[in-house]
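**Student:** Please see the structure below; I have some questions.
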């Protein structure tokens, strides 16, 4: 079984009045390329909210791009993808949420990147 080593993480707490959020996370792969798991971790995000993320630069395979995904489990929902990221890759990964109803105060969305350590 492979292990994950978290290399990047950015969280955003919500005020309860948001209808849409968009946040950017700088990403630098470093000198070793390999498989990276990109995850959006949603806490108390209302059902039916649309979430996703994308990178502003090509290079990884498949591209770092999570198509719009509907939150279907409450109170905790996780979605993401795995991509083969080349060494020295750097980009900005933007994650977003479009709410169909305001989220409760204290709801949060976290974008996390974890290097897949091959056993």
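A short reminder: the numbers here are calculations on the coordinates, not readings from a lab. Predicted model, so just to flag it, every value in this text is computed and none were measured. For neighbour counting, all protein chains shown are included, and Cβ atoms are generated from backbone atoms with ideal geometry for every residue, glycine included.
**Student:** Within 10 Å of each residue's Cβ, count the other Cβ atoms and sort 18, 56 from fewest upward. Walk me through the numbers before you get to the answer.
**Tutor:** Working: 18 14, 56 11.
Listing 18, 56 from fewest to most nearby Cβ atoms yields 56, 18.
**Student:** Tell me the label-point distance for the pair residue 7, residue 23, using the 7 Å Cα-to-Cβ offset, in nm and rounded to one decimal.
**Tutor:** 2.1 nm
**Student:** Note the listed values [x] -0.49, -0.57, -0.87, -1.18; [y] -0.57, -0.66, -1.00, -1.27; [z] -0.55, -0.63, -0.91, -1.21, then indicate which one is log10 I(q)/I(0) by the Debye sum over Cα atoms at q = 0.13, 0.14, 0.18, 0.22 Å⁻¹ calculated from this particular structure.
**Tutor:** Here log10 I(q)/I(0) by the Debye sum over Cα atoms at q = 0.13, 0.14, 0.18, 0.22 Å⁻¹ agrees with entry [x].
**Student:** Quote the relative contact order of the chain in percent (integer), defining contacts as alpha-carbon pairs under 8 Å separated by 6+ residues.
**Tutor:** Details: 320 pairs, mean separation 58.3, N = 119.
Relative CO of the chain lands at 49 percent.
**Student:** While we're here: In which sequence would 85, 116 go, from the one with the fewest C-beta neighbours within 10 Å to the one with the most? Intermediate results must be reported in sequence, preceding the final value.
**Tutor:** Working: 85 24, 116 15.
Neighbour counts put them in this order, fewest first: 116, 85.
**Student:** From the square roots a ≥ b ≥ c of the eigenvalues of the alpha-carbon gyration tensor of region 65-119, which class results: rounded (a/c under 1.5), prolate (a/b over b/c), or oblate? Walk me through the intermediate numbers first.
**Tutor:** Details: a/c = 2.46, a/b = 1.98, b/c = 1.24.
Verdict is prolate for region 65-119.
**Student:** Give the Cα extents of region 1-50 along the principal axes, in whole Å, largest first.
**Tutor:** Reported extents, whole Å, longest axis first: 41, 26, 15.
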